1. Between rounded, prolate and oblate, where does the range 308-350 land on the alpha carbon gyration tensor, with a ≥ b ≥ c its root eigenvalues, rounded for a/c under 1.5, else prolate if a/b exceeds b/c?
2. Using a Gaussian network for the chain with springs between C-alpha atoms less than 10 Å apart, which of these wobbles most: C326, C205, C77?
3. Taking the range 164-275 on its own, what percent of its Cα-Cα pair distances exceed 21 Å?
4. Could you work out how far helix 254-267 tilts from the main Cα principal axis of the chain, as a 0 to 90 degree angle to the nearest 10?
5. Past the 29 angstrom mark, what percentage of all C-alpha to C-alpha distances in the chain do you count?
6. Go through the range 263-350 and name the trypsin sites (Lys or Arg not before Pro) that are in a DSSP coil and have 11 or fewer other Cβ atoms within 10 Å of their Cβ.
7. If the reach is capped at under 17 angstrom between alpha carbons, list the aspartates and glutamates near K342, excluding any in the same chain fewer than eight residues apart.
8. To test your reading of the geometry: what angle, between 0 and 90 degrees and rounded to tens, separates the Cα axis of helix 338-347 from the longest principal axis of the chain?
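The numbers here are math on the coordinates, done by the rules we state, and not lab data. Bear in mind that the values here come from a model prediction, so they are computed numbers and not experimental data. Every residue, glycine among them, receives a Cβ derived from its backbone with ideal geometry; neighbour counts consider all protein chains shown.
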Amino acid sequence: MKRNFLFIFVLLIFRFVIMAQDADTTSSSKDGQLANKLFNESVDLFNKHKFIEAVTMINKAITLKPDFAKAYYNRACIKLQLNSPDEAIMDFDKVIELEPNAKAYSGRGYAYLQKKDYQKAIGDFSIAVQQYPDYPEAYYYRGCTNVEQDKYQQALMDFNKAIELEPDYASAYNDRGSVKLLMEDYESAKNDFTKAVTFDPTIACAYDNLGKVHEYIDDLNSALEYYTAAIKIDPDYYIAYNNRGRVKHETGDYEGALEDYDKAVSIRPDYAYAYNNRGNAKYMMGDLNGAIADFTKAIDIDPDYADAYLNRGITKEMQRDEKGACSDWNKAAELGIIEARKYVNNQCAD
């Protein structure tokens, strides 16, 4: 059965920390003093992950102090946390109008990145690095945007600059390693992922990426260890369960693989890759009906999942359902799977 990989390479962790306001005993009005008080209370709420309540408090502060740039900035950051990039952009616009700075341009760029408006995102990050060349986040997020557009050399240059400015920038090491992994520079990628976990031992994605690198170089025992490390850090890391299950499958531990795939889909019920991989494990264990059910589930989630059609076709052939097998192989071939076209040519009537 076809082995299927899912790699998540770009680590988009929003690092723009919200700001607190120093006590201002010289404020010219009671409204200004109260606005500062409400603002600082909103920071406390944010730190407690009470985002809606924090926004409510900031709204009150802005009503009292309409030119409160830090309040607009913090509200924009919270809107990004709440996945409301359009609202965040409006607030970053206001910050740029009142007090233009690198964080505001980078924050707005990140909001555009959330919206997949890569041209505007690159534009804002580029303004940030031109006007504030010592701000590492702008280089980092521009690198992330370049990765999203498959511009790997440009991404590497941006990650290099971010690391030059901040030598312990764990996310930049992780994402630079991810680009190197895509470029099949495995040893250098491994070094970057190792740097990432050295500087931030809680970064589960970097351990997951170390697992992938070791899969590529066929060190499956180490891959298992790194996937397990990622899961220990984040017990809900469904991608790491899927990846660890895949390695167990490769080593013939089909029961162990099933357990990991089961866990992955229990955490993320719409995770098509894990259903496909679980179908592969069931096929190897002789549970053909169960395998077909999983491949079908993967296709229901993603109707263009070519590998799942290929695998379901192979399983149907094992059940002597040649018509069903050929239908699935034809679909897989339409979706670009060369192996499926070979099955059609060799085993299906015109």
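1. oblate
2. Of C326, C205, C77, the most mobile in the Gaussian network model is C326.
3. 35
4. 40
5. 53
6. Working: sites: K263, R278, K282, K297, R312, K316, R320, K323, K331, R341, K342; in loops: R320.
Within the range 263-350, the qualifying trypsin sites (Lys or Arg not before Pro) (loop, at most 11 other Cβ atoms within 10 Å) are R320.
7. Of all the aspartates and glutamates, those that pass the test against K342 - Cα under 17 Å, at least 8 places apart if same chain - are D307, E317, E322, D328, E334, D350.
8. So the helix axis and the longest Cα principal axis differ by about 20 degrees.
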